[in-house]
Structures are given as C-alpha cells and as structure tokens.
Amino acid sequence: AISPLRTITLTFFANFVMLVTGFSICMNSSWRLTLLALSILMPVVHISKTFSAWASRQNATQYTYVADAQGAAVQGLTNIRTVRAFGGRDIEVERYERQMTKAQRLRLQTAWMQGFSGLLSSLVEFGASFMILYYGGHLALGHSFEVGSIISFTYLWNRLSSAVRNLTDNINQPIRAASAGQRVFEILDLQPDIPEEIGDSLPSDVAEIGVEFQGVRFTYQRRPDIRILQGLDLTVAPGKTTALCGKSGCGKSTVTKLLMRFYDPISGTVLVNGRALKDLHVLNFRAMMGIVSQDTQLFNATVADNITYGMRESTYTMEDIHRAARSANADEFIRALPEGYRTMCGESGHDFSGGQKQRISIARALVRRPRLLLLDEATSALDAENEALVQEALDKMMAEVRGACTILVIAHRLSTIKTADRIVVLHEGEKVEEGTHDELLKIKDGRYATMIARQLHGGKDVEAEEKQGGTDEGSTSSGAAPLDFSKLDASDVMNMTKDQRQRLKEEFRNL
Ligand SMILES: Nc1ncnc2c1ncn2[C@@H]1O[C@H](COP(=O)(O)OP(=O)(O)O)[C@@H](O)[C@H]1O
Ligand SMILES: [Mg+2]
C-alpha cells in the first residue's frame, strides 16, 4: 500500500504543476480573460476555505457530544444493577438521548451548510464559465482572440480552478490530520501513575511472603481532605494468618488496595519480604496473590475462563481448575450447570447466586497457587444460607493453605477472626490493638473485647452490629447529608419510604 503521506505529496505535486503550466498557458493566450476568471475564482476559494474551517469546528463539537453520549451509555450499562434498582432507567436513557440529539442537530446543520456552500461555489463557477464565454466572444468578435481558443481556454480554466481547490485541500488535510493525531499521541503518551511492568520480580519460587506497613499515610485523590490511614504500622507475618478488624469505613479494604498497589501511600512504605513494594514488578507481584473480596465480578466468559482469568494458558491444566473448584465447594454446582465448566457467566450468561459467585471467586484465588491470600469480607454480602456455604469453603481453603501461604483476612465472623495467628484492630486508620484472640480479650474495655462481647451477647456478628449503628446514624441525619450510594444495596431501596426514594432519585439525577 502507498503511504498516505506519499499520496498527499504526489497529488500536491501534480496539482502544483497543473496550476503553474495552466496559468502560464492561460496568461499567454489572453491575460485579460485570465485576470477576469481569476477575480471570480478567488471568492470560490474563499467560500470553501471558510466553510471547511467552520465545518471542522462543527465536527469537533459533534464528536464531543457523541463521546458524552457514549460515556453516559457505558456508565449506565456498567452500573446497570444500580440503575435498575434505583429506578434510574429513564434518567440514563434521557442523558444519552440529550447528547445524541445535540450531535444530530449539529450534523444536520453541517449538512445543510455543506449543500449551501456547494451550491454557491457551483453558481460562482458557472458564472465564471459564462463570463469567459461572454467576454471571450466579445474579444473574438473584435478579432483580438480566436474563436477556437475560447473553448480551449474554458477547458483549461476549469482544470485550473479544480487544481486550486485540490491544492487548498491538500494543504488542509495534513493539517487537520496532524491536529487530530496530536490528541491520539497525547493519549498514547499518557503514563499511568503506577508503572506496572517495571521493577524487580520476587523469585518465582519464593516460598512465603511477608508484608510490612511502616508509617503509611494515605488519602484518596478524590477526597484529599479525609485522611484514611494515619501512619499505619502493620506486620503480616509470612506463612501466618493475620486478621484485620474494625468498624466499617476504618480503612481495612484500603489496606488491601495499597497492598495490591492500586494506589501508593502519601508517605511511609509498604515492604514485601523486606523490599519496598514500589521497587517491585507490580504485575508479577499481583500474580502471586489470590484475592476474594465482597463483590466478585464475573466476565462474559466460561466458568473455567473466569476461574483462570488473567493467567497464561501454559500455567494451568483443566485438573488444576477442577481441584481449585473442589476446594472452593464449587465443583459440584458447576458440574450441575447445563454446560458444566463451559457455561457462560456475566451479564448475558447464567444467573449465579451471590454464594456461587463467591465460590467461583475462591476457586479463582486458589488456582493461581497464591503465596499471599487476601480475603476481604468475602461473605458479608450474602444471606445466611449462602453465607454458611461460602464460609465452609473459606474455612476449607484456609485450612488447606495454612502454613504454606500468608493470609490477610478481613472478616466479620468471629469464627474466622478467632483462629487467626494475629489479630489487628484498626480504628480511624490507626492500629489500636494487636495480639491473639486470647490476649485481646484480656484488655479491659478494649475495642476487640467490647466487640466480641457485643457479638456474643446479641448473637450477631461484628459487622451486622456495625451496620445497625450505621443505619441509625443515617436516619437521624436524613435531612441534608448526601447519600452514600456505595453503602446502599437493593434491599435498602426496597424498604425505603416514598419520601426517601424521591430524595434518592433527585440525588441520582444530580450525579
Ligand atoms: N475510591 C475511594 N475514593 C474515596 N474514598 C474512598 C474510596 N474508597 C474508600 N473510600 C473511603 O475510605 C474510607 C475507608 O474505606 P475502606 O478501606 O473501604 O473501609 P473498610 O474496608 O474498613 O470498611 C471510607 O470512609 C470510604 O468511604
Ligand atoms: Mg471493606
């Protein structure tokens, strides 16, 4: 294929030669006719230049509208559950339509103008031909010009004017391409804040991974005024199980995000086997981790592909998948599916229950033979029945990898916390207590002891207690405080009064 640059140069050259030779021949045959025709050609060039400048501005605006519409569509679709649960369908559709209508209006305008400017140019050009014939005839009658030359002059002149127009296009095209390309290159040149593919790898046969947080301070970029971690010191001993507990919102999940290096601390260091996490090859390090969190996302792929998501095909066998699924108490229900391990997941696939998703997620964590296992409230979003099933799978998994794998577990179940080698209690981003279950229980009026006492007393688990507190707070301040959408789920919405639902809708509209 010929490169676009070469095409442009060649046509430019051809047009240029056409222009120069054509112009000198015309001048030579009659300078008066040439000047006349030239004075008419200039407006044509001017019109088309003005129009194309205007049109490219229109186009740019139109693209931003289309991009906005697409952004709205993507957002609406990725949050489809929230959109449906909160009755936001019409809002989302309207948002999309509004942007698309704007784009459509602009496109129509441009099309009309394009037709109009084309018409104008043709009129002026026809006018030029007419003037040439008229004035040329006049000259021929006066014997200062041959009749035959009028025909060849007109022909030549038409070629000449199209050469002029092509030439302006020739010059504009690369300019337009360059300005469009500039944005593309800008995007290509963007570097993520956290480089994922440079740095040293831990040896692939590293047996155990120990983690240490040293004076880690952290705030989320979006809310720089709220300190999440305030100089946290935390040790996750290699090969041991460390439990992290504390009120909801105290920063437990943030610890796991920092450990996966989704973010960097503002100050302080995260050490992995004594080396700064910042110096490690992030992707390699993450490949050594298994993660089970509260909300598992399944992709539009088969169950097997979801379990091995992100792994290279050469690194596992079908038997590995089955073994991981068995350990996760998932093998049985997967085999009972219409297409077994080849059943499709995701939005358009099989409808898995929350408990089934969590068990697939546990299999996903296990199949990569993790050296470090992060379990972040894996059962907190489940109903009692599913919770029992997943808890059983978790216990089985933890017993299986115990000693061979470092575990950081964030749990709201006393049974899970109790058996940990070490328990760390967080409060407002700081470590307030640390020790074994028995040691912590001995602290008089300690946070852990209070929490456990409350749990045993009420027969509820820690998190449920906290949740209870949370909603109470929420309802007393239901006046102006903005709702935290991430904290609400569908059942909350179902149980809302009409008033609350209206408020929710309004907030949603303001997003
Ligand atoms: N992406 C984010 N942007 C801004 N604030 C966040 C983000 N994620 C969590 N937070 C806030 O950080 C605090 C700690 O959150 P998190 O670590 O998830 O708590 P926990 O897991 O202990 O419940 C909360 O106040 C939460 O609202
Ligand atoms: Mg959390």
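The values are calculated or read from the model by the stated rules, or taken from the named source; none is laboratory data. This structure is a prediction, so every number in the text was calculated from the model and none was measured. Cβ atoms come from the backbone with ideal geometry, glycine included; neighbour counts cover every protein chain shown. Note: accessible area is taken over every heavy atom of the protein model, side chains too, but ligands, DNA and RNA are not part of it. Shrake-Rupley method; radii C 1.70, N 1.55, O 1.52, S 1.80 Å.
Would you mind calculating the relative contact order of the chain from Cα pairs under 8 angstrom and at least 6 residues apart, reporting the percent as a whole number? Kindly include the intermediate steps, with their values, before the conclusion.
Numbers: 647 pairs, mean separation 76.0, N = 511.
Computed value for the chain: 15 percent relative contact order.
Helices meeting the span-like rule in the chain (full DSSP H runs, Cα extent of at least 24 Å along the helix axis, mean Kyte-Doolittle score of 0.5 or higher): 4-29.
Shape summary of region 4-189, radius of gyration then Dmax from alpha carbon positions: 24.9, 88 Å.
Counting DSSP beta bridges in the chain, what percent are antiparallel, to the nearest 5?
Working: 19 of 38 bridges.
Antiparallel bridges make up about 50 percent of those DSSP assigns within the chain.
For the chain, the solvent-accessible area of protein heavy atoms averages 58 Å² per residue (probe radius 1.4 Å; ligands and nucleic acids excluded). Counting only protein heavy atoms and a 1.4 Å probe, tell me what percentage of region 72-153's accessible area is made up of carbon and sulfur. Roughly 64 percent of what the probe reaches on region 72-153 is carbon or sulfur. Computed over neighbours whose Cβ is under 13 Å from that of Ile334, the net charge equals +3, Lys and Arg +1, Asp and Glu -1.
Work out how much length Thr450 to Glu430 would gain on full extension: take 0.36 nm times their residue separation and subtract the Cα-Cα distance, in nm to one decimal. Spell out each step's value before the answer.
Numbers: separation 20, 0.36 × 20 = 7.20 nm, distance 1.78 nm.
Result for the pair: 5.4 nm of gain on full extension.
Each of Tyr96, Tyr309, Tyr65, Tyr448 has its accessible area taken with a 1.4 Å probe; listed largest first, they run Tyr309, Tyr96, Tyr65, Tyr448.
Working note: Cα atoms of region 92-232, range along each principal axis, descending, whole Å: 103, 43, 27.
Projecting the Cα atoms of Gly435, Ile307, Ala328 onto the charge dipole of region 211-462 (Cβ charges, centred on the Cα centre) puts Gly435 farthest toward the positive pole. What the Cα convex hull of region 66-142 gives, in volume per residue, is 60 Å³. Rg and Dmax over the alpha-carbon atoms of the chain stand at 35.4, 123 Å.
Ordered by solvent-accessible area of protein heavy atoms (1.4 Å probe), largest first, the residues Met18, Met398, Met42, Met113 come out as Met42, Met113, Met18, Met398.
Placing dummy labels 7 Å off each Cα toward the beta-carbon, the span from Glu186 to Phe126 is 4.4 nm.
Subtracting the Cα-Cα distance of Ala53 and Asn158 from their residue separation scaled by 0.36 nm leaves 35.4 nm.
Spin-label pair Glu332-Asp438: with each label point 7 Å from Cα along the Cα-Cβ axis, the two points sit 3.5 nm from one another. Were the residues from Gln104 through His46 laid out at 0.36 nm apart, the gain over their Cα-Cα distance would be 18.1 nm. Positive contributions from Lys and Arg (+1) and negative ones from Asp and Glu (-1), summed over other residues with Cβ under 14 Å from the Cβ of Gly22, come out at +2.
Rounded to the nearest 0.05, what FRET efficiency do Phe299 and Arg84 give with R0 = 25 Å and r taken as the Cβ-Cβ distance? Could you check? Mind showing how you got there, number by number?
Numbers: r = 20 Å, r/R0 = 0.81.
Computed FRET efficiency for Phe299 and Arg84: 0.80.
Measuring r between the beta carbons of Thr7 and Asp351 and using R0 = 45 Å, the FRET efficiency lands at 0.25. Projecting label points 7 angstrom from Cα along Cα→Cβ for Phe262 and His281 puts them 2.4 nm apart.
In terms of the ratio Rg/(2.2 N^0.38 Å) built on C-alpha atoms, what value belongs to region 211-462?
1.03
Once the trypsin sites (Lys or Arg not before Pro) in DSSP loops with at most 14 neighbouring Cβ atoms within 10 Å are cut out of the chain, the longest remaining piece is 1-221.
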